[in-house]
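A quick write-up on the structure given underneath.
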Amino acid sequence: MSNDIDNDYFCDGITEEIINALTAVSQIKVIARTSSFAFKGRDIDIREIGKQLNVNTILEGSIKKSQERVRITAQLIDVTDGTHYWSKRFDRELIDIFDLEDEISLAIADEIRNNFGHFEVKDHLIEQPTKSIDAYQLFLKGRFNQLQWTPDALKKAIQFYNEAISLDVNYAKAYYGNVQCYELLTTWGYMDKEEGTEKAFLNLMKAKEIDTHLPEHPMCYVNKCFWREWDFKSTYHYLNDVLAINPNHTDALDVMVKLFMAHGHFNEAIFYGKKLLEIDPLSANNQYIFANIYYYKGDFDIALTHITKAIQLRPDFDLAYHKKAVCLIALNKREQLENEFQSNPLWEKIQLLHEAVNENRKSLPKEVLSSFLSNHLKRDQLTLFELFILANTNYTEEAYELLKQFVAQKRGQILNYKQEPLLKPLRAFNDFYKLHTSNFSIDEIVDNKKTVEITKPLLLEEERKELQTKLTVYFNEEKPYLDASLSLNTISEILTISTNKVSFLINEVIGMNFNQYVNSYRLKHFKTIALDPKNSHLTILGLAYDSGFNSKSVFNTYFKKAEGLTPRAWLKANS
């Protein structure tokens, strides 16, 4: 909701930190950054947002930053009826930003637990990554640019990360950010391979000295092993390390899909692809990845559906347009291809490929053939149309030699060559499947889909009975529910029981969520005082507030659900 364009990076960074913090609570389904940010600054009905993200609760807020102070407002909203479960405004000195992020994240987790059921929450969800607020703001600028995923933006991100490091030489996240940027620039061919590799290595070594407990640490090895070395066995193990820290790490899930896809294990790729879409459904990249699974399977119609969604979400997504073109070629949809791609800069090559695949074109002009055969000298192409054209004409031997060079270079663009439908003619060569022998076997994998954690009960039977008696006596004698601001933390402090145990007791033993439990006492109190003649001069809403309810809508909704009548109808029937 914030309108401070100059501080976009700051607002985005704070929001992402809160998303990541809540993701650490495994029982909460939290939508990832890309899909959440799709609604930033847009006036959309809360019900429509809930529908698009497949969630029943929305966290909405705004951030205002002024010199050395920051004001954050946040509200938790039910998408079905717009009920505000919770809202709060936080005013703090900027120097306290990490404590504030932690406070907000914990408050949100508590409110979700209060309304939906028990789960355990740690004492802290966000750790302080640096002591320098200036370094933190530079890091957020770096992160903001890195997530644009363009060569220029990645280079700008490196500049900001380096400035952050100059203010705090122990800022681990800034080093890890540099590693990722250098790896991508090198892999995509926008930076000298030797220079990029060395700089990535130096940043990684420094980051390792500071903090190896961040998911960024194993993720750096994922990028190195997967993209640069094609060491797929190590990739898989590092991916498991990342997902052990954060099971919803979108970058790790992305590579997990690509790892299985490159080996033709499509069921596994679909499993992780669905998880990606569940937590980040409005990511154009995730729709593109899911389309690729079906493209390499040969299900071009399904692939086309997801590619169309990717382009709708991100109209400037060049790779998605390229994939759409090859899908239309595979489906022999010449008219649609012409209508949509005639103005595309690559139309000449797209047209040649269509003719080669569908119209039996077998030869190419000499100058075109010459330029295609020098293709291995360029490393910054997104899609290898030249190779595909050669493979589907009379130049299969030339195409095969080109493919061998690409595989030797371990180009990311050719990672799926064994499954690529447009390279099917090259599979006839005797050593096609031996161009690269993977060290990854599906027989070695850990079945993450069926892993079940066996946990020790939070409360033993004897302790349950004792604490339940203690809680009931407290509510009956002290009437804490009359305080509208009553929280799990308050009860925990007074009864000297951990909040996790109080939550477990109310939800799992008594069988209500926290708000239902407290409101049941408030409702009982309301009914008592509402029927007392000496209170006949008070309004129903006034009596509700005297009973501890702090919202007219919450009171009316809860009352009608519990009694089957509106408060006024109930009062009339019982007077």
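The values are calculated or read from the model by the stated rules, or taken from the named source; none is laboratory data. Being a predicted model, the structure only gives us computed values, none of them experimental. When we count neighbours, we look across all protein chains shown, and the Cβ atoms used for this are built from the backbone with ideal geometry, even at glycine.
Scanning segment 55-79 for residues that are closer than 19 Å to ILE108 by Cβ and among the polar types (S, T, N, Q), we see that the one that is surrounded by the most Cβ atoms within 10 Å (Cβ to Cβ) is THR57. Residues of segment 539-552 that are free of Cβ contacts under 8 Å to residues at least 40 places away in the same chain and exposed (fewer than 15 other Cβ atoms within 10 Å of the Cβ): THR539, LEU541, GLY542, LYS552. Just checking, does segment 451-467 include any residue being in contact with a helix residue (DSSP H, G or I) (Cβ under 8 Å, 6 or more places away or on another chain), aliphatic (A, V, I, L, M), assigned to a helix (DSSP H, G or I) and over 26 Å from VAL121 (Cβ atoms)? No.
Of note, ASN203 does not satisfy the criterion of being in contact with a helix residue (DSSP H, G or I) (Cβ under 8 Å, 6 or more places away or on another chain) and modelled with pLDDT under 90. Pairs meeting the criteria (first residue in segment 351-362 and touching a residue at least 12 places away in the same chain (Cβ under 8 Å), second residue among the basic types (Lys, Arg) and in a helix (DSSP H, G or I), beta carbons under 8 Å, at least 6 apart or on different chains) are HIS354/ARG334; ASN358/ARG334.
Among the candidates ALA157, ALA153, the residue that is surrounded by fewer than 18 Cβ atoms within 10 Å (Cβ to Cβ) and either closer than 17 Å to ASN7 by Cβ or within 27 Å of the chain's Cα centre (by Cα) (or both) is uniquely ALA153. When residues in segment 503-525 are screened for being outside any helix (DSSP H, G or I) and polar (S, T, N, Q), 1 of them pass.
Taken together, LYS40, LYS51 contain a single residue that is surrounded by fewer than 14 Cβ atoms within 10 Å (Cβ to Cβ), within 20 Å of the chain's Cα centre (by Cα) and over 30 Å from GLU508 (Cα atoms), which is LYS40.
Of the helices (runs of 4 or more DSSP H) lying entirely inside segment 129-188, those carrying at least 3 residues that are more than 24 Å from ARG228 (Cα to Cα) are 133-146, 151-167. Among the conditions (1) in a helix (DSSP H, G or I); (2) surrounded by 19 or more Cβ atoms within 10 Å (Cβ to Cβ), THR528 misses just one, which is (2). State which residue pairs qualify: first residue over 11 Å from ASN519 (Cα atoms) and inside segment 553-564, second residue part of a helix (DSSP H, G or I) and modelled with pLDDT of 90 or more in any location, beta carbons under 7 Å apart, and separation of 6 or more residues or different chains. Pairs that qualify, where the first residue is over 11 Å from ASN519 (Cα atoms) and the partner is part of a helix (DSSP H, G or I) and modelled with pLDDT of 90 or more, are ASN556/PRO567; GLU563/TRP570.
Looking only at segment 239-274, residues that are over 10 Å from the mean Cα position of the chain (by Cα) and closer than 24 Å to LYS297 by Cα come to 23 in all.
Just one of (1) acidic (Asp, Glu); (2) at pLDDT below 90; (3) farther than 30 Å from ASN267 by Cβ fails for ASP447. It is (3).
Residues that are closer than 19 Å to TYR481 by Cα and either surrounded by 18 or more Cβ atoms within 10 Å (Cβ to Cβ) or in contact with a Lys or Arg (Cβ under 9 Å, 6 or more places away or on another chain) (or both) within segment 502-514 comprise VAL502, SER503, PHE504, LEU505, ILE506, ASN507, ASN513, PHE514, listed in sequence order. Summed over segment 145-193, the residues that are in contact (Cβ under 8 Å) with a residue 40 or more places away in the chain and hydroxyl-bearing (Ser, Thr, Tyr) give a count of 5.
Right, PHE98: more than 30 Å from LEU313 (Cα to Cα) and surrounded by 14 or more Cβ atoms within 10 Å (Cβ to Cβ) or not? For PHE98, the condition - more than 30 Å from LEU313 (Cα to Cα) and surrounded by 14 or more Cβ atoms within 10 Å (Cβ to Cβ) - is met.
State all residues of segment 399-444 that are free of Cβ contacts under 8 Å to residues at least 12 places away in the same chain and on the phi > 0 side of the Ramachandran plot; if no residue qualifies, say none. Result: no residue meets the conditions. Residue count for segment 271-304, restricted to those that are over 17 Å from PHE317 (Cβ atoms), of a type in the set (A, V, I, L, M, F, W, C) and in contact with a Lys or Arg (Cβ under 9 Å, 6 or more places away or on another chain): 2. Among the numbered conditions (1) in contact (Cβ under 8 Å) with a residue 12 or more places away in the chain; (2) among the β-branched types (Val, Ile, Thr); (3) out of contact with any strand residue (DSSP E or B) (no Cβ under 8 Å at 6 or more places or on another chain), the only one that ILE14 does not meet is (3). Put simply, of THR496, THR557 the only residue that is on the phi < 0 side of the Ramachandran plot, out of contact with any helix residue (DSSP H, G or I) (no Cβ under 9 Å at 6 or more places or on another chain) and modelled with pLDDT under 90 is THR557.
Residues in segment 538-570 that are among the small types (Gly, Ala, Ser) and farther than 25 Å from LYS88 by Cβ: 3 in all. Residues that are touching a His at 6+ places or on another chain (Cβ under 8 Å) and either within 19 Å of TYR272 (Cβ to Cβ) or of a type in the set (Ser, Thr, Tyr) (or both) were ranked within segment 206-229; the one that is surrounded by the most Cβ atoms within 10 Å (Cβ to Cβ) is MET219. Look at segment 76-98: where a residue is of a type in the set (Phe, Trp, Tyr) and a partner is surrounded by 13 or more Cβ atoms within 10 Å (Cβ to Cβ), sitting 6+ places away or on another chain with Cβ atoms under 6 Å, you get TYR85/LEU76; TYR85/GLU111; TYR85/ASN115; TRP86/LEU76; TRP86/GLU111; PHE90/ILE72; PHE90/LEU100. Out of all the residues in segment 290-306, which are farther than 12 Å from GLN419 by Cα and crowded, with 23+ Cβ neighbours inside 10 Å? PHE290, ALA291, ALA303, HIS306 - these are the residues of segment 290-306 that are farther than 12 Å from GLN419 by Cα and crowded, with 23+ Cβ neighbours inside 10 Å.
Out of curiosity, is ASP110 modelled with pLDDT under 85, more than 19 Å from TYR558 (Cα to Cα) and outside the structural domain of THR499 (by TED's automatic domain parsing)? It is false that ASP110 is modelled with pLDDT under 85, more than 19 Å from TYR558 (Cα to Cα) and outside the structural domain of THR499 (by TED's automatic domain parsing).
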